[in-house]
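Asker: Below: one structure in structure tokens.
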Amino acid sequence: MSSCSTCPSQEKCSSKLTLGPQGCGKLQPKYGVIKNVIGVISGKGGVGKSTVTGILASTLRKKGYKVGVLDADITGPSMPRFFGINDKRANIEPLDENNFKYYPVLSKGGVKVLSMNLLIPKEDDPVVWRGPIVTSVLTQLFTDTVWEELDYLLIDMPPGTSDITLTVMQSFPITELIIVSTPQDMVSMIVKKVIAMANKMPVPIRGVVENMSYINCPGCDTKIKVFSKKSAEEHAEYLGVPLIGELPINTDLTEALEEGNAEEYVVNNDLYSLIFEGLY
Ligand code: ADP
């Protein structure tokens, strides 16, 4: 009996799609077992989606989990910089003309990272591909990478509600999504579209991280709300998803990101582990 014979969506299954722990008709990695796939998504660029992906990955690794990161933001990849591995290249093993095995690069803290920027010759080379090619490459990076055994694979999702986002939501075995937003009406409006898209699939949403919620006044204990007077709770209520936590604008973090030390900075700063406390 085929593994898909009891699946209600079996007509949609193709040879690449198999019955896996996260359900029928989802892609499965060829070289490993991944227990949980978490998509980090925002809809709008520049709100801190990649930063939050890096923070969550570093925090989970600090807790002792086996963690991988797939940078699905193929045209704007930034995960190698977060982990300070942008000068390294991922190994590619050709199996035949059309099939390859990809090996992720290990960060200092032990997170397995794969990104388009670790595969192209120079990190500032542009990737000029049409949507269907990006989608096909992304699928391969998920299925054909030697992830081995992972407790969590975090996917830094592409921005927007394009066909690439749709493919990831439909075909990848996403356990849950983490939404990243900033307290700005324009951002919330776009984030709401992504939430509506996820609800339609449906892909479960764990909650929202409100990034750049405030800055800490350097001379006192006051939190200064830069963008909106609304609380993070009100913001989450407007989005219709639970609030995971809020993160301040932190120039020390920006500096650490620029110096390639963000992983170390996050691991040594309790604020970042506390935000996901109790979640994993
Ligand atoms: P996205 O993935 O949504 O496009 P990024 O995570 O790349 O956004 O963040 C955009 C920029 O904002 C980066 O330069 C990053 O360093 C900075 N940034 C993000 N979150 C914070 C924060 N909480 N404090 C300071 N800088 C931040």
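Asker: Which members of the stretch 217-234 meet the condition of being open to solvent by less than 90 Å² (accessible area, probe 1.4 Å) and either assigned to a loop (DSSP other than H, G, I, E, B) or over 21 Å from Leu56 (Cα atoms) (or both)?
Answerer: Cys217, Gly219, Cys220, Thr222, Ile224, Lys225, Val226, Phe227, Ser228, Ser231
Asker: Is there a residue in the stretch 153-166 that is open to solvent by 30 Å² or more (accessible area, probe 1.4 Å), among the small types (Gly, Ala, Ser), more than 24 Å from Tyr280 (Cβ to Cβ) and without any contact (Cβ under 8 Å) to a residue 12 or more places away in the chain?
Answerer: Scanning the stretch 153-166 turns up no residue that is open to solvent by 30 Å² or more (accessible area, probe 1.4 Å), among the small types (Gly, Ala, Ser), more than 24 Å from Tyr280 (Cβ to Cβ) and without any contact (Cβ under 8 Å) to a residue 12 or more places away in the chain.
Asker: Okay, next question. If you take the residues of the stretch 115-137 that are within 16 Å of the ligand (Cβ to nearest atom) and either closer than 22 Å to Leu95 by Cβ or open to solvent by less than 20 Å² (accessible area, probe 1.4 Å) (or both), which of them is modelled with the highest pLDDT?
Answerer: That would be Ser115.
Asker: Which number in (1) touching a Ser or Thr at 6+ places or on another chain (Cβ under 8 Å); (2) aliphatic (A, V, I, L, M); (3) not in a loop (DSSP other than H, G, I, E, B) marks the one condition that Met212 misses?
Answerer: Unmet for Met212, out of (1) touching a Ser or Thr at 6+ places or on another chain (Cβ under 8 Å); (2) aliphatic (A, V, I, L, M); (3) not in a loop (DSSP other than H, G, I, E, B): (3).
Asker: Next up: Go through the stretch 87-108 and give me each residue that's assigned to a loop (DSSP other than H, G, I, E, B) and open to solvent by less than 40 Å² (accessible area, probe 1.4 Å).
Answerer: Ala90, Pro104, Ser107
Asker: Considering only the stretch 207-221, state which residues are over 15 Å from the mean Cα position of the chain (by Cα) and among the β-branched types (Val, Ile, Thr).
Answerer: Answer for the stretch 207-221, where residues must be over 15 Å from the mean Cα position of the chain (by Cα) and among the β-branched types (Val, Ile, Thr): just Ile215.
Residue-wise test of (1) modelled with pLDDT of 95 or more; (2) assigned to a strand (DSSP E or B); (3) open to solvent by 40 Å² or more (accessible area, probe 1.4 Å); (4) closer than 15 Å to Val180 by Cβ.
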position	(1), (2), (3), (4)
Pro8	no, no, yes, no
Glu11	no, no, yes, no
Lys44	no, no, yes, yes
Ser58	yes, no, no, no
Arg61	yes, no, yes, no
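Table: residues versus (1) touching a helix residue (DSSP H, G or I) at 6+ places or on another chain (Cβ under 8 Å); (2) assigned to a loop (DSSP other than H, G, I, E, B).
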residue	(1), (2)
Glu149	no, no
Leu154	yes, no
Pro158	yes, yes
Ile164	yes, no
Thr167	yes, no
Gln170	no, no
Leu177	yes, no
Val180	yes, no
Val187	no, no
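Asker: Criterion first (over 18 Å from Val105 (Cα atoms), touching a residue at least 40 places away in the same chain (Cβ under 8 Å) and away from the ligand (no atom under 13 Å from the Cβ)) does Lys49 satisfy it?
Answerer: It is false that Lys49 is over 18 Å from Val105 (Cα atoms), touching a residue at least 40 places away in the same chain (Cβ under 8 Å) and away from the ligand (no atom under 13 Å from the Cβ).
Asker: Condition (residue is surrounded by 16 or more Cβ atoms within 10 Å (Cβ to Cβ) and either in a loop (DSSP other than H, G, I, E, B) or within 18 Å of the chain's Cα centre (by Cα) (or both)) applied to the stretch 251-259: is it met by at least one residue?
Answerer: Within the stretch 251-259, one or more residues are surrounded by 16 or more Cβ atoms within 10 Å (Cβ to Cβ) and either in a loop (DSSP other than H, G, I, E, B) or within 18 Å of the chain's Cα centre (by Cα) (or both).
Asker: Let me ask something additional. Residue check: is Gly54 part of a loop (DSSP other than H, G, I, E, B), within 17 Å of Leu153 (Cα to Cα) and in contact (Cβ under 8 Å) with a residue 60 or more places away in the chain?
Answerer: no
Asker: Quick test for you: out of Ala236, Ala262, pick the one residue that is within 23 Å of Ala72 (Cα to Cα) and not hydroxyl-bearing (Ser, Thr, Tyr).
Answerer: Result: Ala262 is the single residue among Ala236, Ala262 that is within 23 Å of Ala72 (Cα to Cα) and not hydroxyl-bearing (Ser, Thr, Tyr).
Asker: Across the stretch 172-207, what is the number of residues that are at negative phi and open to solvent by less than 30 Å² (accessible area, probe 1.4 Å)?
Answerer: 19
The values are calculated or read from the model by the stated rules, or taken from the named source; none is laboratory data. Remember, it's a predicted structure, so these values are computed and weren't measured experimentally. Backbone-built Cβ (ideal geometry, glycine too); neighbour counts: all protein chains shown. The accessibility values were calculated without ligands, DNA or RNA, using every heavy atom of the protein model including side chains. Shrake-Rupley method; radii C 1.70, N 1.55, O 1.52, S 1.80 Å.
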